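The values are calculated or read from the model by the stated rules, or taken from the named source; none is laboratory data. Note that the coordinates shown come from a computational prediction; the quantities given were computed from them, not determined experimentally. Cβ placement follows ideal geometry from the backbone for every residue including glycine, while neighbour counts extend to all protein chains displayed. What goes into the accessible areas is simple: the full protein's heavy atoms, side chains included, and nothing from ligands, DNA or RNA. Shrake-Rupley method; radii C 1.70, N 1.55, O 1.52, S 1.80 Å.
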Amino acid sequence: WVAKSLDFNKDYDASVFETTIRVVGGLLSAYDLSGDRVFLEKARDIADRLLPAWDTTTGIPYNVINLAHRNPHNPGWAGGQSILADSGTEQLEFIALSQRTGDPKYQEKVEKVIVTLNKTFPADGLLPIYINPDSGTGASSTITFGAMGDSFYEYLLKAWIQGNKTSSLKLYRDMWETSMKGLQSLIRRSTPSSFAYICEKNGDSLTDKMDELACFAPGMLALGSSGYGPDEAKKILSLAEELAWTCYNFYQSTPTKLAGENYFFHPGQDMSVGTSWNILRPETVESLFYLWRLTGNKTYQEWGWNIFQAFEKNSRIESGYVGLKDVNTGIKDNMMQSFFLAETLKYLYLLFSPPTVIPLNEWVFNTEAHPLRIVNRDDANFAASKGQQKPVIKIRSRKTGRLGGVDRRVGVRFPPGEHAA
Ligand code: DMJ
């Protein structure tokens with residue numbers, strides 16, 4: 001179907017971010033797992049359609065582009081600004097595409113974004129969710145690890161991991177560590193139960209609100225903890241474990257045992273659901289997966305199993321799974337987001353699989369849970385710089401088969417409008 005029927009030449013305004021993480025990431029992952037070049041060719045086709053989005057004065061991309069006409073713009077509701085997560089979550093996919101095609105242009109576009117943001121990177125490493133694409137600086141004062149901020153921070157860490165933590169990636173790791181200091185400055189603990197949570201920041205004041213989307217952070221902190229010295233690593237891992245407990249309680253505290261979209265914290269009353277729908281999001285089980293892999297603590301499997309049971313009980317219908325309009329009543333909506341298969345079920349599956357299935361020292365998951373092979377960046381000598389183009393890394397050819405040559409057990413926001421993030 002991909003070879004014969006998949007056609008990206010559509011008069012359709014696509015989100016650059018969603019298309020990158022779901023489609024480019026999905027195709028590259030299929031290529032890494034199968035070695036079948038059809039996936040790489042399709043990834044390049046759609047990436048070429050997205051590429052004009054980065055043609056701004058600063059290199060900060062516009063967030064929407066028409067796939068057929070290739071004319072980019074920002075969504076009307078963003079007031080002309082670019083969104084932080086939408087602009088800073090394409091590094092893994094476009095770097096991987098350059099590595100696999102030998103054409104550096106994809107990597108150059110996305111690395112320029114990081115270089116631009118680094119020029120005015122604040123001491124706490126926390127950037128507002130709106131960035132002006134003409135100046136490259138923050139255009140609002142809201143800071144969050146939830147909607148519209150989240151995966152920018154995730155990709156600082158994962159780009160470093162993707163490049164096998166080599167020195168050419170040090171800027172990413174340094175920026176990530178700076179941002180993690182900022183994250184720690186947003187931590188408060190509830191009363192009476194002392195749940196740690198990540199506040200949002202508006203101007204100088206903190207808001208006692210946390211999105212379920214921000215529940216990717218415990219997994220990110222755990223994944224990045226080993227890059228610190230022993231004392232700091234212990235501290236960061238311990239914070240990750242505390243935050244995961246809070247996120248698990250986002251689920252446990254509702255009648256359906258499924259989490260709402262966001263939570264507010266009140267003195268003396270711990271947490272309460274704000275926006276009460278659940279759209280089958282993956283972030284908490286994603287963090288449970290990382291914590292189980294990195295600590296070996298089976299408690300995380302138990303928590304994941306309980307969340308899985310709640311999805312089975314509340315969201316399962318004859319033809320698939322649906323979200324809930326309200327986690328208090330259990331009333332269903334009529335949609336199964338693609339990230340339920342790509343992420344939520346994949347992370348749950350991996351939570352109950354041996355660590356040799358997609359080992360974390362060989363693969364890095366993009367933000368949509370599509371695994372990409374880790375490549376040593378010092379080996380990534382682009383042929384283009386030598387005046388020719390050729391693939392930089394070798395992936396198994398189709399002849400070796402889907403699982404040939406690898407362990408057989410080896411095979412992953414709603415702002416206004418319709419933006420699922
Ligand atoms: C996914 O599309 C990605 O994980 C993204 O980074 C933000 N969240 C959604 C699922 O909730």
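Work out how much length Trp277 to Asn71 would gain on full extension: take 0.36 nm times their residue separation and subtract the Cα-Cα distance, in nm to one decimal. Display every interim value, and only then the final one.
On the way: separation 206, 0.36 × 206 = 74.16 nm, distance 3.43 nm.
Stretched out fully, the Trp277 to Asn71 stretch lengthens by 70.7 nm.
Work out, step by step, the length gained on full extension between Met335 and Lys165: first 0.36 nm times the residue separation, then minus their alpha carbon distance; give nm to one decimal. Could the numbers behind the result be given before it?
Values: separation 170, 0.36 × 170 = 61.20 nm, distance 3.90 nm.
Separation in residues times 0.36 nm, less the Cα-Cα distance, equals 57.3 nm.
Projecting the alpha carbon convex hull of segment 61-141 along each direction and taking the average yields 6.1 nm². Size descriptors for segment 60-107 (Cα atoms only): Rg and Dmax, in that order, 12.6, 37 Å.
The gain in end-to-end length when the Asn297 to Glu362 segment is fully stretched comes to 21.2 nm, 0.36 nm per residue minus the alpha carbon separation. The C-alpha atoms of segment 244-328 occupy a region whose extents along the principal axes are 43, 35, 16 Å, arranged from largest to smallest. Modelled spin labels at Ile317 and Tyr12, positioned 7 Å past Cα toward Cβ, are 2.2 nm from each other. Summing Lys and Arg as +1 and Asp and Glu as -1 over all other residues whose Cβ lies under 12 Å from the Cβ of Leu27 gives a net charge of -1. On a C-alpha basis, how far is the centre of segment 198-266 from the centre of segment 1-47 in Å? Whole number, if you could? Going from one Cα centre to the other spans 32 Å. For segment 27-107, the percent of C-alpha pairs falling in each 10 Å distance bin, counted from 0 to the bin holding the largest distance, reads 18, 46, 28, 7, 0. Site pair Gln269 and Lys119 shows an inter-label distance of 4.7 nm when each label is modelled 7 Å from Cα along Cα→Cβ.
Once R0 is set to 25 Å, what does the formula 1/(1 + (r/R0)^6) return for the Cβ-Cβ distance between Arg189 and Lys234, expressed as a FRET efficiency to the nearest 0.05? Don't skip to the answer; put the middle values down first.
Working: r = 19 Å, r/R0 = 0.74.
Computed FRET efficiency for Arg189 and Lys234: 0.85.
Using a probe radius of 1.4 Å on heavy atoms only, what accessible surface per residue do you get for the chain? Whole Å² is fine. Provide the component values of the computation, followed by the final result.
Values: 16790 Å² over 421 residues.
For the chain, the per-residue accessible area is 40 Å².
Rounded, prolate or oblate, given the Cα gyration tensor of segment 160-285, with a/c below 1.5 counting as rounded? Prolate is the answer for segment 160-285, as a/c is 1.5 or above and a/b outweighs b/c. Charge tally for Ser141 (other residues, Cβ to Cβ under 14 Å; Lys, Arg +1; Asp, Glu -1): -2. Hull volume per residue, based on the alpha-carbon atoms of the chain and their convex hull, is 147 Å³. If one puts a single equal scatterer on every Cα of segment 277-317 and applies the Debye formula without solvent, what log₁₀ I(q)/I(0) results at q = 0.26 Å⁻¹? With one equal scatterer per Cα and no solvent, log10 I(q)/I(0) is -0.87. When shorter helices are ignored and each DSSP H run of at least 4 residues is given -39500 (n - 2.57), the per-residue value for the chain at 222 nm works out to -11500 deg cm²/dmol. The apolar share of the surface of the chain, taken as the fraction of accessible area on carbon and sulfur atoms (1.4 Å probe, ligands and nucleic acids excluded), comes to 51 percent. Taking a sphere under 13 Å around the Cβ of Asn74 and counting the other residues whose Cβ falls inside, with K and R at +1 and D and E at -1, yields a net charge of -3.
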